Amino acid sequence: MSRVLRTFREMLGLLSRGDFSNHCDKLLTEAIDALEECPADKCKAEITVKITLDYELGRVDIKAEAKSKLPETVKFMKTPFWTIDGMLSVEHPNQIDMFPARSAREPESDEAATAS
């Protein structure tokens, strides 16, 4: 008598002679690794499994697909720049005159510092 599959899990383990299950294991491992490496406090990964059953003359052909969507591993925040005279500046044009420029002091040489 032939073996009858009674659960979805049994069928899943037999797809593509077990290769599909191994592929899903690999996707899960990659997703967990990507979540652990995520630079943000909150990340999301997605694994989609699609099972298609085609019936013809008493035979069922099962096609399985699995794909994953991993979080971006590096996200950079925006940095604001303003244009002044055709060049980029990190200073807001309306705030340039708010703080007077300080004069740079010459660093003390080692000899002057030890002489004091």
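Rule-based calculations on the coordinates, nothing more; no lab input. Remember, predicted model here, so these are calculated numbers, not experimental data. Cβ coordinates were reconstructed from backbone atoms using ideal geometry, including for glycine residues, and neighbour counts include every protein chain displayed.
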Name the lysines eligible as straight-distance cross-link partners of Lys44: C-alpha to C-alpha under 20 Å, and not fewer than 8 places from it in the same chain.
Lys26, Lys67, Lys69, Lys75
Rounded to whole Å, sorted largest first: equivalent-ellipsoid semi-axes of the range 8-69, Cα gyration tensor:
31, 11, 7
So, in nm, how far is label Leu35 from label Lys50 when the simple model puts each one 7 Å beyond its Cα toward the Cβ?
2.4 nm
